[in-house]
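Report on the structure given below.
Values quoted throughout were computed directly from the atomic coordinates according to the rules given, and no laboratory measurement underlies them. These figures come from a predicted structure and were not determined experimentally. A quick note on method: Cβ atoms are made from the backbone with ideal geometry, for glycine too, and the neighbour counts reach across all protein chains shown.
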């Protein structure tokens with residue numbers, strides 16, 4: 001049961017962040033200022049889904065992996081604090097800042113600097129979460145781990 005909850009919460013968190021990132025790129029490239037402001041406001045509302053999902057996936061993952069010392073479990077354990085810190089210290093404040101600036105129609109250098117940083121650090125979290133998903137699938141046996149190529153004699 002715990003594994004299913006972990007997998008569901010992880011999928012929700014991953015798809016939410018991926019959606020935020022994708023909507024940001026599309027709105028910035030093709031949308032009006034109003035569209036960008038709507039997306040930025042929607043991202044803040046989406047935090048009511050993302051934050052609980054991240055708490056659930058983090059807590060359940062720590063609980064299930066507490067006694068595991070295999071390579072995928074150790075890798076996930078090392079990545080999770082980075083994902084959480086990136087989200088709480090960089091991405092969440094950036095989301096508030098960008099929503100505020102866009103709602104006020106202030107698309108200035110500050111907005112675009114923070115927007116660029118948000119896209120970079122968001123992509124980093126997407127990458128680290130993708131690695132965690134891969135390692136979780138390896139740990140459950142749903143994905144076979146690649147064997148290293150044999151060295152020639």
For this session: Round to the nearest 0.05 the FRET efficiency obtained for residue 68 and residue 107 when R0 = 35 Å and r is the Cβ-Cβ distance.
Result: 0.15
Seminar exercise, completed: Rounded to whole angstrom, the alpha-carbon centroid of segment 99-150 lies from that of segment 16-41 at a distance of 16 Å
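What's the FRET efficiency of residue 117 with residue 1 using the Cβ-Cβ distance as r and R₀ = 35 Å, to the nearest 0.05?
Numbers: r = 39 Å, r/R0 = 1.11.
Here the calculated transfer efficiency is 0.35.
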For this session: Name the most mobile residue of 24, 140, 35, meaning the one with the largest mean-square fluctuation, in a Gaussian network model of the chain with Cα contacts below 10 Å.
Result: 140
Problem set entry | Mean residue ellipticity (222 nm) of the chain, computed from DSSP H runs ≥ 4 via -39,500 (n - 2.57), nearest 500 | -28000 deg cm²/dmol
Problem set entry | Most fluctuating residue given options 94, 109, 53, as computed from a GNM of the chain linking Cα atoms under 10 Å | 109
Exercise. Say we join alpha carbon atoms closer than 10 Å with springs in a Gaussian network model of the chain; which of 100, 60, 32 then has the biggest fluctuation?
Worked result: 32
Seminar exercise, completed: Read-out Cα extents along the principal axes in Å, candidates (1) 49, 39, 28; (2) 46, 34, 31; (3) 61, 42, 22; calculated match is (3)
